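For reference, the structure discussed in these notes is given below.
The values are calculated or read from the model by the stated rules, or taken from the named source; none is laboratory data. Remember, predicted model here, so these are calculated numbers, not experimental data. Cβ atoms come from the backbone with ideal geometry, glycine included; neighbour counts cover every protein chain shown.
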Amino acid sequence: MSWWWLLLVAVLIGLFGLYLSMTAGRLDALHKRIDTSELALDAHLLRRSSVALELATSGLLDPAGAIVVAEAAHAARTAADGDHRDAEHRQIRAQAESALSQALDATLDEEEIQQVRGAPGGAELIDELAASARRVQLSRRFLNDAVRACVQLRDQRMVRAFRLAGTSPWPQAVELDDSLPPALATG
Amino acid sequence: MSMRVGLVCPYAWDVPGGVRSHVSDLALTLQLRGHEVNVLAPVEEEEELPEWVTDGGRPVAVPYNGSVARLSFGVQATRRVRAWIREGDFDIVHIHEPLAPSLSLLTCWSARGPLVATWHSSHDRSRVLTAGYYIAQTAMEKLRGSIAVSEEARRTLIGHVGGDAVLIPNGVRVKDFTPDAHDRQRRRELLFLGRIEEPRKGLSVLIDALPMILNQVPDLSVIVAGPGDDEDIRKDIPEHIDRAITFIGTVSDQRKQELLREVQVYVAPHTGGESFGIVLVEAMAAGACVVASDIPAFQQVLENGKAGRLFTTNDPRSLAEAVLSVLADDAARRALVDRGATRAEQYDWDTVVDEVLDVYDSVRVQGDKVTEDLRGQALGRFAHRAAFGLGRRQGGVE
């Protein structure tokens with residue numbers, strides 16, 4: 001074997017190493033993006049439940065609706081504490097947040113919103129609730145998109161064979177009902 | 001809460017264009033909301049640059065995405081992008097057309113942190129995937145959130161490149177178009193806007209319909225505004241029809257606004273290729289009655305015919321009937337115009353910007369900043385790793 005064969009092999013190995021290192025870099029960036037997106041979603045969920053609680057205790061809702069929203073919001077807040085990497089905790093939280101969405105949907109119809117908006121301080125609360133709910137939807141959507149991209153990359157043969165993802169846990173999409181009450185969506 | 005926002009425009013700032021005006025309108029609206037905005041764009045003439053625009057380097061004319069675009073790339077552009085990111089200290093960087101081989105792609109490559117992108121046009125699968133699949137993929141993965149300006153742009157993104165996007169339509173500065181003449185004071189004129197030789201703009205459909213229209217309304221005049229050689233088109237038009245048409249060539253933005261405020265009817269006979277139809281919104285904002293072909297984008301903008309009259313695409317007879325029906329019935333025309341004005345409000349930048357701000361907020365956490373990504377450079381990778389290792393060791397000692 002002459003020397004240029006060795007050179008060719010060395011170059012190929014070098015290129016392959018560069019490819020592996022760059023792919024590891026991509027994975028690292030994706031995992032960071034997922035972490036940030038999870039933090040953002042967490043912040044907006046907390047914001048939503050605390051505004052919902054504020055609305056429920058403001059005395060602007062009818063008493064029955066107030067209790068339904070207050071309970072759901074409180075449950076969502078309680079469910080937020082815990083290790084978010086734990087599958088069971090994630091599921092419990094997703095259920096609590098979905099329940100809050102449903103409670104808001106059941107309580108805040110067109111009439112109710114008109115009434116709250118009419119009271120002093122009511123319009124701000126409604127706007128804030130709508131804004132935080134919209135941001136929950138957006139950040140969950142963006143998080144799941146990052147998860148999809150990451151899973152796609154981690155499924156590649158090279159990534160698996162060379163364990164490029166290291167010990168990072170397998171990314172999980174967040175599934176919950178974050179729909180907005182229709183009357184709230186139209187502003 | 002005021003934010004520092006960096007916007008990246010891939011096309012030359014001095015050349016009028018859809019993406020360029022989108023970026024400048026967005027910048028102005030964000031500034032009105034109290035945010036600090038800086039735009040990075042290729043610049044030809046530095047003299048008349050507003051202080052909130054940063055020169056990203058001299059643009060070069062290159063064939064790109066079906067036409068000639070003026071883009072900036074190369075060593076100098078990369079250096080400017082990196083300096084802009086370092087000095088900008090941005091809370092969010094919003095990149096337009098992230099895969100355009102210009103400042104946009106360079107920014108995707110050189111920045112990390114809260115990055116958001118807006119996809120304006122459709123890209124060919126072949127171009128994106130074969131030319132630089134790995135580069136495109138790496139750049140796209142850094143985008144924390146994507147916006148598409150139309151359903152078509154969104155579908156292209158999902159189908160060809162992969163990834164989800166939120167639909168936020170283009171904004172229009174409705175105030176720039178607000179009419180001063182009411183319907184009854186308007187000239188009995190028909191307006192066509194767009195490149196006259198471009199078949200997809202559908203001028204030939206309108207011309208074929210004119211004999212039928214002029215037969216009923218002989219005093220109607222037609223204004224055709226847009227670049228292109230009218231000699232070619234005129235030689236096939238019969239004399240008595242040609243007399244009714246005035247070709248006025250390319251018009252400025254301001255002249256376009258005036259025209260839309262003066263005429264009674266704006267016709268959009270497009271045969272396809274439109275993903276949104278911003279001119280329709282502008283016409284509605286200006287108080288002109290819109291008559292448009294029933295391509296999906298126009299149906300959507302015109303609320304299936306409630307905010308403007310639709311006709312069968314590519315059918316001169318249907319176009320003629322639609323135009324005659326709005327010219328003949330004053331009450332119906334005014335109803336369309338009123339509905340159109342309300343519809344246009346929904347596309348006002350002041351409304352649209354709220355949705356953009358929601359996206360900004362949904363991708364960042366407290367204290368998040370856009371920083372330079374050194375991993376994009378071969379040497380930087382090692383520098384980054386060394387610095388990281390050093391920092392960790394020092395942290396361990398303390």
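Summary table
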read-out: Residue among B:Val263, B:Val279 that alone is touching an Asp or Glu at 6+ places or on another chain (Cβ under 6 Å) and closer than 30 Å to B:Ser24 by Cβ; value: B:Val263
read-out: In region B:78-104, the residues that are surrounded by 24 or more Cβ atoms within 10 Å (Cβ to Cβ) and without any contact (Cβ under 8 Å) to a residue 40 or more places away in the chain; value: none
read-out: Number of the condition not met by B:Asp180 [criteria: (1) in a loop (DSSP other than H, G, I, E, B); (2) over 22 Å from B:Arg317 (Cβ atoms); (3) charged (D, E, K, R); (4) free of Cβ contacts under 8 Å to residues at least 40 places away in the same chain]; value: (4)
read-out: Flag if B:Thr342 is in contact with an Asp or Glu (Cβ under 6 Å, 6 or more places away or on another chain), farther than 19 Å from B:Glu189 by Cβ, surrounded by fewer than 22 Cβ atoms within 10 Å (Cβ to Cβ) and not charged (D, E, K, R); value: no
read-out: Flag for B:Thr246 being surrounded by fewer than 16 Cβ atoms within 10 Å (Cβ to Cβ) and in contact with a Ser or Thr (Cβ under 7 Å, 6 or more places away or on another chain); value: yes
read-out: Near pairs, Cβ below 9 angstrom, 6+ apart or cross-chain, from region B:41-53 (among the hydrophobic types (A, V, I, L, M, F, W, C)) to any residue that is exposed (fewer than 14 other Cβ atoms within 10 Å of the Cβ); value: B:Trp52/B:Gln31
read-out: Pairs, first more than 8 Å from every other protein chain (Cβ to nearest Cβ) in region B:132-144, second of a type in the set (Phe, Trp, Tyr), C-beta under 6 Å, six or more apart; value: B:Ala139/B:Trp109
read-out: Output for region B:366-398, where each listed residue is assigned to a loop (DSSP other than H, G, I, E, B), modelled with pLDDT under 90 and within 25 Å of B:Trp84 (Cα to Cα); value: B:Gln366, B:Gly367, B:Asp373, B:Gln377
read-out: Residue in region B:178-189 that is surrounded by fewer than 20 Cβ atoms within 10 Å (Cβ to Cβ) and within 14 Å of chain A (Cβ to nearest Cβ) present; value: no
read-out: Unique residue being in the same structural domain as B:Leu374 (by TED's automatic domain parsing), surrounded by 24 or more Cβ atoms within 10 Å (Cβ to Cβ) and farther than 26 Å from A:Ser139 by Cα when the list is B:Pro50, B:Pro63, B:Pro10; value: B:Pro10
read-out: Looking only at region A:30-52, and only at residues there that are surrounded by fewer than 19 Cβ atoms within 10 Å (Cβ to Cβ) and without any contact (Cβ under 8 Å) to a residue 60 or more places away in the chain, the one that is farthest from the chain's Cα centre (by Cα); value: A:Ser50
read-out: Enumeration of residues in region B:145-154 that are among the aliphatic types (A, V, I, L, M) and within 13 Å of another protein chain (Cβ to nearest Cβ); value: B:Ile147, B:Ala148
read-out: Flag for A:Ser21 being more than 12 Å from chain B (Cβ to nearest Cβ), hydroxyl-bearing (Ser, Thr, Tyr) and in a helix (DSSP H, G or I); value: no
read-out: Those residues of region B:51-92 which are farther than 27 Å from B:Asp368 by Cβ and in a loop (DSSP other than H, G, I, E, B), in sequence order; value: B:Gly57, B:Arg58, B:Pro59, B:Asn65, B:Gly66, B:Ser72, B:Phe73, B:Gly74
read-out: Region B:27-36, residues that are within 19 Å of the chain's Cα centre (by Cα) and of a type outside the set (S, T, N, Q); value: B:Ala27, B:Leu28, B:Leu30
read-out: Matching entry among A:Ala123, A:Ala133, A:Ala146 (being farther than 26 Å from B:Lys142 by Cβ, surrounded by 18 or more Cβ atoms within 10 Å (Cβ to Cβ) and in contact with a Lys or Arg (Cβ under 6 Å, 6 or more places away or on another chain)); value: A:Ala133
read-out: Residue count for region A:129-187, restricted to those that are at pLDDT below 90 and within 15 Å of B:Gly145 (Cα to Cα); value: 0
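Residue by residue, here is whether (1) touching a residue at least 40 places away in the same chain (Cβ under 8 Å); (2) in contact with a Pro (Cβ under 7 Å, 6 or more places away or on another chain); (3) under 27 Å from A:Gln137 (Cβ atoms) holds:
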position: B:Asp315; (1), (2), (3): yes, no, no
position: B:Tyr347; (1), (2), (3): yes, yes, yes
position: B:Leu357; (1), (2), (3): yes, no, yes
position: B:Asp361; (1), (2), (3): no, no, yes
